[in-house]
Amino acid sequence: KTSIVSAIRAGQRYDNREFLEVRDISLNFGKDYGSCTVTLGQTRVLAQVTGEVVEPRPSRPNEGKISISVHLSPMAAPHFESGRSNDLVDELQQILERNIKESRCLDLESLCVLAEESVWQLRVDVTVLNHAGNLGDACNLASVAALRHFHRPDVTVEEDGRVTIHTLEEREPIPTFMKKVPVCLTYAFFVVDDKCYMLMDPSEKEERRTGPQPNVSHSQHDSA
Amino acid sequence: MSKHACELNFLSRSDGSALYSIGNTVALASVNGPGEVKKFNRLYNRAYLEVSYSPSTGQSMIGERALESVITRTVEQVILVHLHPRTAVNVTIQEMQSDGLELSTSVNAACLSLLDAGVQMKSTFAAVTCCLTPSSTILIEPTAAEMKESVAVATFVLDGQALNVLSAHQEGCLNAENFNACLKACQTAAKDVFNFYRQALEKKYHTCNEIS
């Protein structure tokens, strides 16, 4: 702990990054549409998007639905346990819901198949594979990339109201349209010798030293 | 036989990990241990082995629990559990991509991650899946589409020393003659899998030697 603080006092970070430098990011997409693994430094997060046709919410009959769920795999860190919900999961879930659902970046009306009867429900499953700091950014990146990678099967609505879902071989699948792309940036604040230092993309050791940190989510048109 | 690929030490926070793929099926296994065990699970004379399997989407249900129990019973036979009493070895498997070969990919990933973590074992183990088509040909490591058309699917987990069967999982109708033919085919294929393990570990230790 003290070594991190003394490094900051000297104007450096313990892993030789600049204060506002982000770790290397790489995105790997799977063979199936909607699967993306993000590597942010050593943090690894997997996001998988699947879709199914369901009945819409009665209050919003021509809007699709999107549900996001975050899982912390026991492989992510030795103290994680599968099945038990904890504060970190709630925090990550809240960040993702705010960024993706509340920002209305996805056009839910485009997910409607037949008003009041069938709409697409997109389900985003985010699994944290390795916790090396800054899970908020990694989860956000993974979910957004997976959503943009996801293509939904084409549907035809017959005159009598029947809905046929075409397989990927029959008809070209349709990509998901995102009006704005939410970008999440997490900072850690260190108060050292009465001066406040701002570090971007904290690693796990830095996170443990500081308390909960704020993150800013921004999209092209407005900030949230 | 489909192409095997593997990346060791994929996760920095696990004692050992392996990202393993057979064809288009990919599984990530992570091993932590031997380490702390909950009082409830503490065994006085051996280590407690816990395997958990997560699918890529949705909740973990009965199918996943069944897979977990097959993998646990297989791995228990091989790990030298009596060397570490009152500890726990946790194996966590995450399905990354699925094309029908979940069981064999998970088992192989588990073996390589145990080797990566340095957990002591009696021998290595490898799983090979084969299916019997209606025209009585045996296909090794079929795709999901090929499995759908087949009469029966069998997965054998074989040990690295004498290619004995550690566990067998079979669905469909197989007479004794076909069962033995499948077993022989899997044993031959398993030799290639063990060679692949050797190459993967040689690569890992080669790069370690280069650094030091």
Problem set entry | Test result for A:D137, of a type in the set (D, E, K, R), surrounded by 15 or more Cβ atoms within 10 Å (Cβ to Cβ) and in contact with a Gly (Cβ under 8 Å, 6 or more places away or on another chain) | no
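For (1) of a type in the set (S, T, N, Q); (2) away from chain A (no Cβ under 12 Å), each residue gets a yes or a no:
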position: B:I22; (1), (2): no, yes
position: B:A29; (1), (2): no, no
position: B:K39; (1), (2): no, yes
position: B:R42; (1), (2): no, yes
position: B:V51; (1), (2): no, no
position: B:T57; (1), (2): yes, no
position: B:E64; (1), (2): no, no
For this session: Select from region A:6-28 the residues that are without any contact (Cβ under 8 Å) to a residue 24 or more places away in the chain and outside any loop (DSSP other than H, G, I, E, B) and write down the one among them that is farthest from the other protein chains (Cβ to nearest Cβ).
Result: A:S6
Exercise. When you scan region B:83-114, how many residues do you find that are more than 18 Å from A:L129 (Cα to Cα) and either touching a Lys or Arg at 6+ places or on another chain (Cβ under 9 Å) or among the small types (G, A, S) (or both)?
Worked result: 9
Problem set entry | Test: residue in region B:70-93 that is more than 17 Å from the chain's Cα centre (by Cα), of a type outside the set (A, V, I, L, M, F, W, C) and within 11 Å of another protein chain (Cβ to nearest Cβ) | no
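Looking only at region B:167-179, decide whether some residue is surrounded by 22 or more Cβ atoms within 10 Å (Cβ to Cβ) and in contact (Cβ under 8 Å) with a residue 60 or more places away in the chain.
No, that holds for no residue.
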Seminar exercise, completed: Scanning region B:113-127 for residues that are surrounded by 20 or more Cβ atoms within 10 Å (Cβ to Cβ) and more than 8 Å from the chain's Cα centre (by Cα) gives B:S113, B:L114, B:D116, B:A117, B:V119, B:T124
For this session: Could you grab the pairs with beta carbons closer than 6 Å, sequence gap of 6+ or different chains, first residue in region A:62-79 and closer than 19 Å to A:Q42 by Cβ, second one small (G, A, S) and surrounded by fewer than 22 Cβ atoms within 10 Å (Cβ to Cβ)?
Result: A:P74/A:S82
For this session: Provide a single number: the residues in region B:120-173 that are within 22 Å of B:A18 (Cα to Cα), of a type outside the set (S, T, Y) and in a strand (DSSP E or B).
Result: 10
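Wholly within region A:112-168, which strands (runs of 3 or more DSSP E) include no fewer than the required count, namely at least 3 residues that are of a type in the set (V, I, T) and away from chain B (no Cβ under 14 Å)?
Ranges flagged: A:155-157, A:163-165.
Any read-out appearing in this document is the output of simple, stated calculations on the displayed coordinates, not a laboratory observation. Small disclaimer: the values here were computed from a predicted structure and weren't measured. Positions of Cβ are backbone-derived with ideal geometry, glycine not excepted, and every protein chain shown enters the neighbour counts.
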